[in-house]
Every structure is written in C-alpha cells, then in structure tokens.
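The block underneath contains the structure these notes are about, expressed in structure tokens.
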Amino acid sequence: MNTVTPRIFIAATEQDTGKTTISLGLYSALGKKFPQIGYIKPVGQRFTEVDGRRIDEDSLLIQTVYQTRVPLEDMSPITIEPSFTRRYIDEANHDTLVRRIRHSFDRASWEKDFAIIEGSGHAGVGSVFDLSNASVARILESKVLLVVPGGIGLPIDEGALNKALFDREGVEVIGVVMNKVLATKIDQVQDFARRGFERLGLELLGVMPVQKKLTEPSLQQIATTIRGTFFCNMCFAGNYAADVVIGAVSSANIRQKISPGTLLVVPGDREDIVLAAISESSDWSAGRLSGLVLSDELKPHARLLEMLEKTKLPVVFSSMDCYSIADRILSLTIKIQPGDTDKIESVQELVARHLNIPRLLQKLGISCSSSDFR
C-alpha cells in the first residue's frame, strides 16, 4: 500500500457534524499548495446508483465539484446497503474488505501530492463489521483531524471518547475543528474549548461559525422529500427555503408571516392564499417567496394555475397535508448537492478563513507557511 503520499483522515464525534463540509473546503484550500489531490471515502452509508455501481453521495459530490482524477468506484470502495451487516456476520470477509480499501486508496492517491480520507459517523461506526473509522485510519496509516459540534461540555466529552478509540488503534489525532458555532459566541467558545481540549492533549485548529444558508433545503430537495411534483417554474428548483409558513390564516394576515426566502405551504383549495402568493411573487425584486407547495392533492381554479405559470414562483403539488409536509421539511438532514454552487463557495471560504491549515500541515510534518495559502 502507498505509504508515501501525505494524507489526513477527517473523522467526527457524531453523524452530520460536518466531515463533508471540512473535506470540501479543505480540498479547495490545499489546492493552493498541492496541484493534485486524491479523495476517498472508504466506507459510505448514503449512496446513489451511478452506471450500475453504488457510489457514496459525498464521493460523488467531491468528484463533481473538483473533477478529481480518481475512478468513482475507488473513491467509494465500500457502501453499506441494508443487508451488508448481516452478510458480513455470516461470512466474516474482513481480509477481502481490507484489501479492497487498500487497493482503492492506492488508486486514489496514485501520483497525488496529498490525499483526503473522509470517515463515516463517529470513530466507532463500522465496528459491527470490523471496519470502524479508527480501524480504517490505522489500515490506511493516516493521522486524524476530528470534527466536533459547537459548544463546550458535550464536544469535549465526545472528543475524549472518540480519541480513546483512535488511541486504542494506535492512531494519532493531531487536532480538532469545531463546526457550527453561533457567531455571537465564537470568542467565548473558542477560549474555553481550546483550554478544554488541551487537557486531553488535543489542539483546537479551527472554529467554524454556523451558516444558516447551509441548513436551508432547496425546492428540489423538498419536492423529493414530500413526494411532490413540480407544476411550473422548475427552473427555480434551486431556490432555498429559509423558512416554512403554513397558510392557515387569512390572506390579509399571511403577508405579515412572509420574510425573504419563505416557502409557503397551503391546501390547493385555499384560493385566497394562492392569490396572495401570486401577488407577492409579482414583486420579484423583493424575492420574499422562495416557492409554493399546494397540499392535500387539491388544485386551485384553472385561472389561478394559469396565473401561477406566469410568475417566477416554483410551484409543487403534493398529496400530503400541510402539517405532514412541514414536519418532513423540518426533519430534513441537509446535504450539500453538486448544484449548490453558492453553498459550495461559502464552505470553501469558511474553511480557508477559519481552519488553521498551515498548522494542520505542520502537524503532519509538512513544511509550509501562511503565505502558501493566500
């Protein structure tokens, strides 16, 4: 196995903490020093079908954004489909899986100046089939950057627990990056967290402020979640829903509840609300409504549908009721999609500004200075 190419394993203390955010931003930032960067997510839990192969969604994102010169199947060598764990317990094909991971890493890091390895969930995820994140980091002989959520007590407690698993595998955690910290509390959190992690022998390498934009779903994501279909203006399916308002009040009062980026959810027979939405969307410069969902498999009068088609408001039909739709949207786990250009740019800027990349590389034994990343 390749032991020469510098590498870092991006791990986390829990799922959806921001490993992909850090990987996405780090790839861009490191590109200022390393012309060729490889990426691999050895064990993936969320996947999509690409040319008949199961490919982890995060691997597909990195490939699409950066046109990584790595075969997709090597960026995502193992995907955990529903029967995977049961089959492994029956067959215990550990050596085969390890060989696959090493082979894919060799291809992902071939002729590369640096390699990013992204983990899946917390350090112990994958233990049931003997491929925990800690084990995979050991197999690939990589040091670890640990991503933790914002706060003081819980992130440090979870950091200690995860570090213990990496320590047991003989894997060094070189630092911690804290993600999704309220901007108003960054200075306070950074001070106490830095001192708290130092007590564990961990260095805080960055604190990332929460960005509301990154938590907002697009109309396309919402339509998929609520099993909806676009009636019109699908070209604006990339609009983000900053807030969700249910049209349960009079049309006269609904305007008071609408703010920039609002998604309005209303039964299709509430024609007064639909008319108010049409009126609201006519002032496109205000950009207050991001979209309209017509619920309960109900449709307004044909004349109103014609008027909706003439707006720039994306409209989705759904058979679900308003409150079920709102619940589904609020329960969504928002993952950055390849087409989320503005979100991707925000992530790149965030990581470049708030992660101490020169110090990260120094801890990997790579000589550099701040000027390398300007």
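Being in contact with a Leu (Cβ under 9 Å, 6 or more places away or on another chain), in a helix (DSSP H, G or I) and among the β-branched types (Val, Ile, Thr) is the requirement here; does VAL189 meet it?
Criteria met by VAL189.
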If you go through the stretch 273-283 one residue at a time, do you hit one that is over 25 Å from the mean Cα position of the chain (by Cα) and farther than 19 Å from GLY247 by Cα?
-> yes
Would you check if there is a residue in the stretch 198-218 being touching a strand residue (DSSP E or B) at 6+ places or on another chain (Cβ under 7 Å), at pLDDT 95 or above and assigned to a loop (DSSP other than H, G, I, E, B)?
-> yes
Do we find that ALA108 is farther than 24 Å from GLY159 by Cβ, surrounded by 17 or more Cβ atoms within 10 Å (Cβ to Cβ) and over 16 Å from the mean Cα position of the chain (by Cα) in this structure?
-> yes
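Here is a list: PRO82, PRO35. Which entry is in contact (Cβ under 8 Å) with a residue 60 or more places away in the chain, part of a loop (DSSP other than H, G, I, E, B), surrounded by fewer than 16 Cβ atoms within 10 Å (Cβ to Cβ) and of a type outside the set (A, V, I, L, M)?
None of the others qualify; the one that does is PRO35.
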What residue, among those in the stretch 44-68 that are in a strand (DSSP E or B) and under 16 Å from the mean Cα position of the chain (by Cα), is nearest to VAL147 (Cα to Cα)?
-> GLY44
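Here's the yes/no breakdown for (1) assigned to a strand (DSSP E or B); (2) touching a helix residue (DSSP H, G or I) at 6+ places or on another chain (Cβ under 9 Å); (3) surrounded by fewer than 16 Cβ atoms within 10 Å (Cβ to Cβ); (4) at positive phi:
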{"position": "GLN220", "(1), (2), (3), (4)": "no, yes, no, no"}
{"position": "PHE230", "(1), (2), (3), (4)": "yes, yes, no, no"}
{"position": "ASN253", "(1), (2), (3), (4)": "no, no, yes, no"}
{"position": "GLN256", "(1), (2), (3), (4)": "no, no, yes, no"}
Take the stretch 168-178 and flag every residue that is of a type in the set (Asp, Glu) and either under 15 Å from ARG199 (Cβ atoms) or crowded, with 20+ Cβ neighbours inside 10 Å (or both).
-> none
Out of the stretch 85-133, which residues are in contact (Cβ under 8 Å) with a residue 60 or more places away in the chain, in contact with a helix residue (DSSP H, G or I) (Cβ under 9 Å, 6 or more places away or on another chain), not aromatic (Phe, Trp, Tyr) and not in a loop (DSSP other than H, G, I, E, B)?
-> ARG102, SER104, ASP106, ALA108, ALA115, ILE116, ILE117, GLU118, ASN133
Could you give every pair whose Cβ atoms fall below 7 Å, whose first residue belongs to the stretch 270-288 and is modelled with pLDDT of 80 or more, and whose second residue is hydroxyl-bearing (Ser, Thr, Tyr) and part of a helix (DSSP H, G or I), counting only separations of at least 6 or pairs across chains?
-> ASP272/SER251; ILE273/SER251; LEU275/SER251; ALA276/SER251
Subset of the stretch 38-59, residues farther than 20 Å from ALA137 by Cα and surrounded by 18 or more Cβ atoms within 10 Å (Cβ to Cβ), comes to PHE47, ILE55, GLU57
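The values are calculated or read from the model by the stated rules, or taken from the named source; none is laboratory data. Worth saying up front: this structure is predicted, and the values here are computed from it rather than measured. So basically every Cβ, Gly included, is an ideal-geometry build from the backbone, and we count neighbours across all protein chains shown.
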